[in-house]
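This report concerns only the one structure given below.
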Amino acid sequence: MQSPLDEDKGHNLLKDRLSRLLPYLLKNAAHHGKRTAAPSHAHWVITGVGSSEAHARFLVYLIHTYSRATAEYRPLSAFLKDAPRNARHAGLVVFSQGLSPNAAIALQYHRHFAHTVLFTAPLAALQAEADIDRSQLIESLIQSHCVTFVPVGEDTERGLLLRVVGPAAAYIAAIEWLHCTYPLGPKLIRKTSLETCLQQALQAALPLPAEDFLIHAQQKGILIIGAAPEIEYAQNLAYKLTEGLNIPHVRIQEALGFAHGPFHSMRGNPANSPLVILLAHTEEKNKALLSRVQSLLTHCNTPIFSLTTDLPEPYRILAYELTLNQWVLKIIEAIGLNLRQWPGKGEDLPLYDLRSL
């Protein structure tokens, strides 16, 4: 006999998490500087996979923009071989909300670095899970005394492939940590301004009927086009659509690069052109640039939608996250997708248990 949770296919759980997201962001945005700081190294090596890749790249951008330090993004697979040569003179930052087994690939080298910062779910939430390997890893990191834990989200968000609270919360956590470690961080935003803009993001209507949106996206893909800095760390917008809606082809495209092949491909194959989502905001340079992109897209016979916000950088990504969350939820409910039994569930273990690789 099915339980009510099974019958709703995970929709109620997703809606519950989404209902807590905005209050959580506003609460944490009001407590800037409360995160635990780490030693202010001159260089950081930063990594993360999946949605955490976006947070890793976001922190690289923050460090380069708002501090005198430098940073580099390295994919997790780069740690399969060895620690970077510059490790003992650098800090390591790992993003992993659920402390994935993959994260251990980088964390195994934490003693090679001058210091390590781990952005992850609250330790109490992680330790409450009956996972011996994860518990041993946490205990090892705690005992090393050279690891700083930065809490992200409320828990690990198990049960669904799509996470929503942690991925948005990690941007706020990164900004707060930067302020605490390097006081020359971005200008702090007023809570009322953040709330107004994020409420607007939540109210953005799905631009197509849910079934039309999903059919076009699954058959022809989605192209997300934007400019710096947001396009540098927009990876989770693509993962959100892939994990939430099972869309196999979602690409991130820098606006100026659109004229270097992608436009010509779409122009030559109008019947297979992907749905386009533009990352827009109110700064004049961005408006002028995306206007030129749209002038090319008019020749491509494809749906074009814009995510628009009045938020300043580096907060804009939050509005894009929240808008897409709502779009994904509306499509999931309309189509009746089963979030608890996602395609390939349990078949991806070869890329998680890498201890013997």
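Counting heavy atoms of the protein chains only and a 1.4 Å probe, report the per residue accessible area for the chain as a whole number of Å².
Ligands and nucleic acids excluded, the result is 46 Å² per residue.
Does the stretch 205-337 come out rounded, prolate or oblate, given a ≥ b ≥ c as the square roots of the eigenvalues of its C-alpha gyration tensor, rounded meaning a/c under 1.5 and, failing that, prolate meaning a/b above b/c?
Since a/c reaches 1.5 but b/c is at least a/b, the shape of the stretch 205-337 is classed as oblate.
On a 0 to 90° scale, report how tilted helix 132-144 is relative to the longest principal axis of the chain, with both axes built from alpha carbons and the result rounded to the nearest 10.
60 degrees
Of the heavy-atom accessible surface of the stretch 104-147 (probe 1.4 angstrom), what whole percent is carbon and sulfur?
Heavy-atom surface of the stretch 104-147 belonging to carbon and sulfur, 1.4 Å probe: 52 percent.
If you take the square roots of the eigenvalues of the alpha-carbon gyration tensor of the stretch 53-168 and sort them as a ≥ b ≥ c, do you get rounded (a/c under 1.5), prolate (a/b over b/c) or oblate?
It comes out oblate by the Cα gyration axes.
Mind checking the angle between helix 11-29 and the chain's longest principal axis? C-alpha axes, 0 to 90 degrees, to the nearest 10.
Roughly 60 degrees, rounded to the nearest 10.
Using r as the Cβ-Cβ distance of residue 13 and residue 313, and R0 as 25 Å, what FRET efficiency do you calculate, to the nearest 0.05?
0.20
Please sort 96-104, 149-157 by packing, taking for each peptide the average over its residues of neighbouring beta carbons within 10 angstrom, highest first.
Descending mean neighbour count gives 96-104, 149-157.
For the pair residue 265 and residue 215, what calculated FRET efficiency results from E = 1/(1 + (r/R0)^6), where r is the Cβ-Cβ distance and R0 = 22 Å, to the nearest 0.05?
Calculated transfer efficiency: 0.55.
Taking 8 Å as the Cα distance limit and 6 or more residues as the minimum spacing, I'd like the relative contact order of the chain as a percentage.
20 percent
Pop out the carbon and sulfur fraction of the accessible area of the stretch 228-348 as a percent, whole number, probe 1.4 Å.
51 percent
The values are calculated or read from the model by the stated rules, or taken from the named source; none is laboratory data. Keep in mind the model is a prediction, meaning the values are calculated, not measured. Don't worry about glycine lacking a Cβ; one is built from the backbone with ideal geometry, like all the others, and counts go over all protein chains shown. Calculation scope for accessible area: heavy atoms of the full protein, side chains included, ligands and nucleic acids excluded. Shrake-Rupley method; radii C 1.70, N 1.55, O 1.52, S 1.80 Å.
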